[in-house]
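Structure first, then comments.
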Amino acid sequence: MNQLGEIVRKIIVKPNLRYICMEVKSLLGRMHMVKSSFLLVVRLLLDLLGLFVELKSTGSLEQYGFARNRIWSIDLDPPPSPSDISHKAYVDLILTHSEEDMKIWPHRYDCRLRVALGPTGDLMLTSRIRNTNTDGKSFTFRFAYQTYFFVTDISEVRVEGLETLDYLDNLKNGERFTEQEDAITFESEVDKVYLSTPTKIAILDHERKRTFELRKDGLPDAVVWNPWDKKAKSMADFGDNEYMHMLCVEAACVEEPITLKPGEEWKGRQEISAVPSSYCSEQLDPLRLLLRG
Ligand SMILES: O=P(O)(O)OC[C@H]1O[C@H](O)[C@H](O)[C@@H](O)[C@@H]1O
């Protein structure tokens, strides 16, 4: 637990994390270190790297707000939670308002992120945000777990669970469309916010015969992003060819921002498991399964 906390602390204060994490990931890939414990640590790094809570400033905005660029602290005496009884390996990260930030975003809040590792290799992220304003004011925010999944070859990857849904296309000024493809595959840049998504999404890595299952709660939307070659080259902290081996799928709340009155708390959750690709896609949506009879 303390070691996990120490790793997390180091990760959070390091600059250029995305690059470092992808390097570590590709090193592990090269070494064929497939033991779930190693993969988990890397997945943990990737998840923490990308967490963003959009607490917007009133002046010049940082992309996706300031919360993801702050140094979070570790709660050395985290509250117990019944759902985490079987997962003793967890660490709580906390972020609260600072006098400095209140000049650009005049609200008091408590953010808590619980990172828990399950006995079979699952990664569970639970976030709570509480409005602690004493002036009676509500505040509003958006939220996403900006999760980068390592994939063997992006052109051989399929995402299941988002077909036929409406999405906002960030590459077309956020215009709304309906997904027409039977299967969501990748052959160029994509940056979409799928709306009102099911609680389970699968990322199938055909070449590795591995499927990531993403389960979420309190986060109705899902962002799917890959910069592809041209944008990858223009990003300072992203390797030119890294786009071939990553897919970002984010449990998110984008379209309808969350509003909290003083004293109110919001909770969101994302869980990730890696399962063999014999995985049956119909497990994704029990309702769909029932309707098909
Ligand atoms: O470079 P970052 O600020 O971390 O953002 C990387 C990407 O994250 C998300 O997935 C967004 O949908 C993209 O528009 C953005 O380019």
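The values are calculated or read from the model by the stated rules, or taken from the named source; none is laboratory data. Since the structure is predicted, the reported quantities are computational estimates derived from the model, not experimental observations. In this analysis, Cβ positions are derived from the backbone assuming ideal geometry, glycine residues included, and neighbour counts consider all displayed protein chains. Side chains included, ligands, DNA and RNA excluded: accessible areas come from the protein's heavy atoms. Shrake-Rupley method; radii C 1.70, N 1.55, O 1.52, S 1.80 Å.
Every residue, every condition in (1) assigned to a loop (DSSP other than H, G, I, E, B); (2) within 16 Å of the ligand (Cβ to nearest atom); (3) under 22 Å from ASP229 (Cβ atoms), yes or no:
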| position | (1), (2), (3) |
| --- | --- |
| PRO119 | yes, no, no |
| ILE129 | no, no, no |
| ARG142 | no, yes, no |
| PHE149 | no, yes, yes |
| LEU162 | yes, yes, no |
| GLU181 | yes, no, yes |
| ASP191 | no, yes, yes |
Q.
Looking only at region 234-245, filter to residues that are within 14 Å of the ligand (Cβ to nearest atom) and farther than 15 Å from THR185 by Cβ; which one of those is surrounded by the fewest Cβ atoms within 10 Å (Cβ to Cβ)?
A. ALA236
**Q.** Tabulated pairs, region 165-180, first in contact (Cβ under 8 Å) with a residue 12 or more places away in the chain, second small (Gly, Ala, Ser) and open to solvent by less than 70 Å² (accessible area, probe 1.4 Å), C-beta under 8 angstrom, 6+ apart or interchain
**A.** LEU168/GLY174
Q: Quick one: count up the residues across region 164-177 that are under 12 Å from ALA222 (Cα atoms) and assigned to a loop (DSSP other than H, G, I, E, B).
A: 1
(Q) Within region 241-251, does at least one residue satisfy the condition of being farther than 30 Å from SER138 by Cα and in a loop (DSSP other than H, G, I, E, B)? (A) yes
Q: Quick one: which residue in THR211, THR197 is closer than 26 Å to LEU125 by Cβ, crowded, with 18+ Cβ neighbours inside 10 Å and either modelled with pLDDT of 95 or more or basic (Lys, Arg) (or both)?
A: THR197
(Q) Filter region 164-179 down to the residues that are more than 15 Å from the ligand (Cβ to nearest atom) and open to solvent by 30 Å² or more (accessible area, probe 1.4 Å) and list them by number. (A) THR164, LEU165, ASP166, ARG176, PHE177, THR178
Q) For residues in region 59-89 being at pLDDT 80 or above, within 16 Å of the ligand (Cβ to nearest atom) and hydrophobic (A, V, I, L, M, F, W, C), which is farthest from ARG114 (Cα to Cα)? A) PHE66
Q.
Being open to solvent by 20 Å² or more (accessible area, probe 1.4 Å) and over 24 Å from ALA274 (Cα atoms) is the requirement here; does SER188 meet it?
A. yes
**Q.** Only listed residue being closer than 25 Å to GLY263 by Cβ and surrounded by 19 or more Cβ atoms within 10 Å (Cβ to Cβ), chosen from THR132, THR140, THR147, THR126
**A.** THR126
Q. Is there a residue in region 204-218 that is closer than 30 Å to LEU260 by Cβ, assigned to a loop (DSSP other than H, G, I, E, B) and away from the ligand (no atom under 14 Å from the Cβ)?
A. yes
Q. Hey, among the residues in region 219-233 that are touching a helix residue (DSSP H, G or I) at 6+ places or on another chain (Cβ under 6 Å) and within 28 Å of GLY268 (Cα to Cα), which one's farthest from the ligand (Cβ to nearest atom)?
A. ASN226
